[in-house]
Amino acid sequence: MRYFLVLVVLICCFKANAQEVDKGSWYVHLVSGSAAGDYKTYLKNYNRKTSKIGFDGGFLFNLQRKSGVNSPVQVGAELGFMPWGTDNVDSQVGGSFSNSHRSIWINGVVRYRPILSASTINPFFDLFVGPEFIKSNITEVLSSGETTNIIKVGNTTKNYGLGAGLGIKRENRNGELRYIDIGLYYQYAEKVRSIRRNSAFILSDGSTDYEETIIKPTTIQVKIGFTGFL
């Protein structure tokens, strides 16, 4: 009987350990992005705000799940979005026009967690790389309050960087583990062509004129959000 009880305990422990192995994790963050370097100077020169709020979210996968252990390194992808404001557009034909600017990135992400247990404070380190899409739309506001796109200009560059943060442990009522994340990141972007700020203009024949420039939309980011486990 004693040996039977020992066997039951061992089986229960094995199942408990097995349940602790994650398929991976997911995260969502609000991103406070501040322009850095040449990009900050560029925005200041045209009296544009150098800090904006965006968001990102991603999925990461446990590389050792088939081995029945949690890997300190997880690999996955994220999608991010950052608006960079709207400029008024002068017009010789009347109407109300504007020029909006934004960036979207799709990155491969590698995350390292040195502490695999559900610790109260859980640090992590990220590396990322991928394409960043720089978008500018010139739109008209119609009398009905609706908008219509006049011109869409988009170009692609590369972005890459690194970051570090802390997860603060928080369990849901159902016992699911969550972390409240706070992180600091540096996102470097290579040169890309874009519509120059405050340069768009609607001519008397209804055509659109604007100047192009080269920018490097590098940012320093503070991220606050949640991480959960699959």
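Structural remarks
- Accessible area per residue for the chain, computed on protein heavy atoms with a 1.4 Å probe, is 57 Å².
- At q = 0.09, 0.10, 0.15 Å⁻¹, base-10 log of I(q)/I(0) for the chain (Debye sum, equal scatterers on each alpha carbon): -0.51, -0.59, -0.98
- The relative contact order of region 147-230 comes to 32 percent, based on Cα pairs under 8 Å that sit 6 or more residues apart.
- The fraction of accessible area contributed by carbon and sulfur in region 160-230 is 54 percent, rounded to a whole number (1.4 Å probe; ligands and nucleic acids excluded).
- Carbon/sulfur fraction of accessible area - region 47-95, other protein chains in place, 1.4 Å, %: 54 percent
- Rounded to the nearest 500, the helix-only mean residue ellipticity at 222 nm of the chain stands at -3500 deg cm²/dmol, with each DSSP H run of n ≥ 4 adding -39,500 (n - 2.57).
- Kirkwood hydrodynamic radius (C-alpha pairs) into Stokes-Einstein, region 156-206, 20 °C and 1.002 mPa s, D in µm²/s: 135 µm²/s
- Highest-first arrangement of 97-103, 86-92, where packing means the average Cβ count within 10 Å: 97-103, 86-92
- Net dipole in debye of the chain [+1 Lys, Arg Cβ; -1 Asp, Glu Cβ; about Cα centre; nearest 20]: 980 debye
- Modelled label positions at Ile53 and Ile115, each set 7 Å beyond Cα in the direction of Cβ, lie 2.9 nm from each other.
The values are calculated or read from the model by the stated rules, or taken from the named source; none is laboratory data. Since this is a predicted model, take the numbers as computed values, not measurements. Neighbour counts run over all protein chains shown; Cβ positions are idealised from the backbone, glycine included. Note: accessible area is taken over every heavy atom of the protein model, side chains too, but ligands, DNA and RNA are not part of it. Shrake-Rupley method; radii C 1.70, N 1.55, O 1.52, S 1.80 Å.
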